[in-house]
Amino acid sequence: MLLNSLFCIYGRDSNLRFIAVSAACYLVILLWMLIFGGNTSTFIPAIVAGVILLLSGYRRTRDAQKPQWWCVTLLVPWLALALSISFDASSSIWLSISLLGFVASLLFTFPKSLSVGRFASGYQGPAMKVGSNQAASSKRVEPSLNAHSYADETTSFVSQETTSDNFVDDMLDREPVEQASITAQLNDVIESSPFSKKTILLVMVTGFSIVILALLGRSLWISGTSETTSDTRLEIAEQSDNISEVKVRFTDGFTLGLAGKKLSMSWLGDEGDAKALWTLADAKGELNCQVLRFNNGTKYRTMKVERLGDSSTQAWFTPLDTKAILKDVARRNNASLCGYTFSLKGSQSDLSKEPQFRAYIE
């Protein structure tokens, strides 16, 4: 009966049963998320539990004799929760939506029950008759050759069955009375308070709204703080890179730059638009820019050579060759790159003026 009553259209649900069904639906989808994570598989329990929640709200409106379209409002936070979990939204978002859905379900419990008749586990409808008919059809009378004994046993069995049915009826009749008494006590507490029902409802909704706004504000503040922190770290890193870059200008008009272990060489070249003259990644460009050649025949490959916007040319080398290149610059007479030949006279004294360069040549 319990499973059939969840999908019943013509029945009625009490306020306690409705809030229990709503809480179970939200608990199922949250447990699914904890077990399987936030992904599209969440739509599996969302569809089934959403139908159960919608039908329970429909039966609750029938029990309170309210407009039946009210139950559709329950699907708004439910679908929002399913979408937020499916697309792996932050925990503050789906938690706020869950609280909003709880508030919407809580509002459905305030209208009084106007149904007349017996309730079974907070339900009244055709599923109760189906359950009783199945129980009656499951009874079987064993055949007997002794008629008197059969009659006596039948009479005894019928009397016991009648007694059992009366006991069950008493328990079922007592259940709505107990539910009504609990509801009456809650109503008495609300009515005895110095505030009206609308005031209490407004306070509850305001409280939940404050909680939701606080959670959303906290989420936005955390995300903003993380972005600010990352931007600050990026700026510090860029500043540290710029500060750590040391340049030495030589008498022949070229400059060596050292940022960490990255070595670059620049000089004033031919005028023209800014473009890449050579890149080792695709081995395309001017072939005379692919190696730095010293007068003793030593060669070092360039990683990239570019013409900059101010008509200067800049070449970068791999950090693995930095030490060897600086030693050759200090010891050799000249070097050539991209068709230009540079004199290295006095280069050792120029490099020794900067501690970063001096550490490589000593």
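Where a number appears in this text, it was derived from the coordinates with a stated rule and is not lab data. Since the structure is predicted, the reported quantities are computational estimates derived from the model, not experimental observations. Note that we place each Cβ from the backbone using ideal geometry, even for glycine, and neighbour counts take in every protein chain shown.
3J(HN,Hα) along region 96-101: 5, 5, 4, 5, 5, x Hz, from the Karplus curve 6.51 cos²θ - 1.76 cosθ + 1.60 with θ = phi - 60°, whole Hz, x for Gly and Pro. Each peptide in 269-282, 58-71, 10-23 receives the mean, over its residues, of other Cβ atoms within 10 Å, and ordering these scores from highest gives 10-23, 58-71, 269-282. Close amide H partners of Thr318, meaning residues 5 or more places away or on another chain with modelled amide H under 5 Å apart, are Met303. Here the Karplus relation 6.51 cos²θ - 1.76 cosθ + 1.60, evaluated at θ = phi - 60°, turns the backbone of region 108-114 into coupling constants of 6, 8, 6, x, 6, 6, 10 Hz, with x for every Gly and Pro. With a Förster radius of 51 Å applied to the C-beta separation of Phe102 and Asn334, the computed FRET efficiency comes to 0.05.
Assuming 0.36 nm per residue, please report the length gained on full extension of the stretch Val291 to Gln65 beyond their Cα-Cα distance. Let's see the in-between values first.
Details: separation 226, 0.36 × 226 = 81.36 nm, distance 8.89 nm.
This chain segment gains 72.5 nm when fully extended.
Taking label positions 7 Å along the Cα-Cβ direction at both Phe110 and Thr298, the computed distance is 8.7 nm, reported to one decimal. Between Asp282 and Ala89, the FRET efficiency estimated from the beta carbon spacing at R0 = 35 angstrom works out to 0.25.
The distance between label points at Lys275 and Lys262 comes to 2.5 nm (points 7 Å beyond Cα on the Cα→Cβ vector). Counting beta carbons within 10 Å around each of Val72, Val248, Val116 and listing the fewest first gives the order Val116, Val72, Val248. Using the average count of surrounding beta-carbon atoms within 10 Å as a protection proxy, the listed peptides 340-351, 309-320 rank, highest first, as 340-351, 309-320. Phi angles of region 274-285 translate, via the Karplus equation with coefficients 6.51, -1.76, 1.60 and θ = phi - 60°, into HN-Hα couplings of 5, 6, 7, 8, 7, 9, 6, 4, 10, 6, 10, x Hz per residue; Gly and Pro are given as x. Evaluate E = 1/(1 + (r/R0)^6) for Val72 and Leu3, where r is the Cβ-Cβ distance and R0 equals 25 Å; express this FRET efficiency to the nearest 0.05. So, using R0 = 25 Å, E works out to roughly 0.55. Full extension of the chain segment joining Leu320 with Lys353 gains 9.6 nm, where the gain is 0.36 nm per residue of separation less the Cα-Cα distance. Less than 5 angstrom separates the built amide H of Leu277 from those of Val305, Glu306, Arg307, all sequence-distant by 5 or more or on a different chain.
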